[in-house]
Amino acid sequence: MAGKADKAAAVMKDGGQKAKIAAAKLYALAKDPGTQAKAGKLLEDGKKMYRAATSPEAKEVYRKAAEVINKMRKK
């Protein structure tokens, strides 16, 4: 039983070290100005897409498409 506990403790310690290393890499990546610029651009693109998809014009197109699909199903 003691052997299993030692192995479990070693696995946990190793996992903790790997988590620390991964967190340090992620932090360095997040601090990178290039990465921040890419993330900002993606955020702006996402906002534009959301506004386009939720606009009144888009909702009208969705309604018309649904009507056409329903008419085709009834035939």
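Taking θ as phi - 60° and the Karplus parameters 6.51, -1.76 and 1.60, the scalar couplings of region 62-75 work out to 4, 4, 5, 5, 5, 4, 4, 4, 5, 5, 5, 5, 6, 6 Hz in sequence order, x denoting glycine and proline. Starting at the first residue of region 31-41, write each ³J(HN,Hα) from the Karplus equation 6.51 cos²θ - 1.76 cosθ + 1.60 with θ = phi - 60°, in whole Hz, x for Gly and Pro. Residue by residue, region 31-41 yields 7, 5, x, x, 5, 5, 5, 4, 5, x, 5 Hz. Spacing of the modelled spin labels on residue 39 and residue 5, each 7 Å from Cα toward Cβ, amounts to 4.3 nm. This structure gives semi-axes √(5λ) of the Cα gyration tensor in Å, computed directly, and of (i) 23, 12, 11; (ii) 33, 10, 7; (iii) 52, 25, 6 that value is listed as (iii).
Of all accessible surface on the chain at a 1.4 Å probe, what whole percent is carbon and sulfur? That share works out to 67 percent. With protein chains left intact and a 1.4 Å probe, residues in the chain average 93 Å² of accessible area per residue.
The values are calculated or read from the model by the stated rules, or taken from the named source; none is laboratory data. Quick caveat: nothing in here was measured; it's all calculated off a predicted structure. Because the Cβ atoms are built from the backbone with ideal geometry, glycine has one as well, and the counts that use them run over all protein chains shown. Surface areas here come from the heavy atoms of the whole protein model, side chains and all, with no ligands, DNA or RNA. Shrake-Rupley method; radii C 1.70, N 1.55, O 1.52, S 1.80 Å.
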